[in-house]
Amino acid sequence: MSDAFLVMKWPLLACLLLPGMLVYFGLHIVRRGIIFVDLALAQVAALGTCLCVMLGHDPHDFHTYLWSLGFTLLGALIFTFTRTRENHRVPQEALIGIVYVVAAAAAILLLSKSTAGNEELKNTLVGDVLNVSQSQVWKTFVLFAIIAAIHFVFRKRFLALTFDPTSAAEPRARGWDFLFYATFGLVVTSFVQIGGVLLVFSYLVVPAVCANLLATSLGTMLVIGIVTATLGGVGGLALSYQCDLPTGAAIVCSLGAVLILTAVVSKFYQPRSETEKS
């Protein structure tokens with residue numbers, strides 16, 4: 001048991017402390033109906049890392065992180081100004097898909113020039129949660145806490161942009177939208193270096209979908225989402241350790257199993273809306 005704790009201590013803390021911020025953003029993303037924006041931003045962040053790897057830098061250098069963040073902020077700017085305010089001939093989801101495909105193809109091209117290209121490409125997808133360090137966990141946690149504080153202070157603005165479509169037409173809406181995507185990009189960039197693109201997408205979407213199946217109020221959905229993320233993360237780590245499987249992929253599959261269980265439960269339990277309760 002002590003050996004398991006030594007091996008899994010920091011991956012476990014990463015799965016307990018960090019996904020809460022991803023769950024919060026996931027609820028926004030699912031409600032906005034732009035499900036693949038997280039996948040696209042994660043891939044854009046990975047593209048910045050791939051560029052640095054091709055130039056001979058270590059993937060875990062701070063210099064590489066800054067490049068990855070810069071690429072992500074550029075993606076945030078694109079998504080801010082392509083968000084449609086009303087019915088539009090080209091939906092934003094189509095543009096998001098294009099960004100993802102182009103970023104993924106560019107990453108493959110860049111890593112084709114690297115001696116360790118195949119290994120780095122794998123890391124961008126499934127990450128390396130098992131080897132996360134103590135400093136990496138705490139630095140990411142502090143960053144997430146700062147972002148959480150920003151979203152708490154300006155929660156009315158962010159919630160209105162997501163849950164009240166009419167607020168998107170306000171003159172200052174694009175500025176708040178950019179701040180939303182910029183902070184979202186910071187979260188994605190930081191977690192991609194730990195868990196890879198697939199794990200980021202899973203932590204953002206699966207808990208949010210589970211929460212929407214079982215609740216209608218934002219507070220309850222956030223609690224359900226965090227519980228889902230915790231169960232999936234701990235279950236995936238246990239599966240990875242017991243069966244000697246890739247940790248990131250095991251967590252993704254564990255989250256998928258929790259989603260299936262939640263879907264079954266939702267067939268027998270339908271949440272009441274706030275109007276029905278009153």
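Criterion applied to GLY195, GLY225, GLY185, GLY175 was being assigned to a helix (DSSP H, G or I) and at pLDDT 90 or above, and the one residue passing it is GLY225.
Inspection of region 261-275 finds a residue satisfying the criterion of being assigned to a helix (DSSP H, G or I), of a type outside the set (D, E, K, R) and either in contact with a Cys (Cβ under 6 Å, 6 or more places away or on another chain) or in contact (Cβ under 8 Å) with a residue 60 or more places away in the chain (or both).
Once region 101-147 is narrowed to residues that are surrounded by fewer than 17 Cβ atoms within 10 Å (Cβ to Cβ) and not in a helix (DSSP H, G or I), the residue that is modelled with the highest pLDDT is SER133.
The values are calculated or read from the model by the stated rules, or taken from the named source; none is laboratory data. Since we're looking at a predicted model, the values are computed, not measured. Here Cβ is always computed from backbone atoms with ideal geometry, including for glycine, and neighbour counts include all displayed protein chains.
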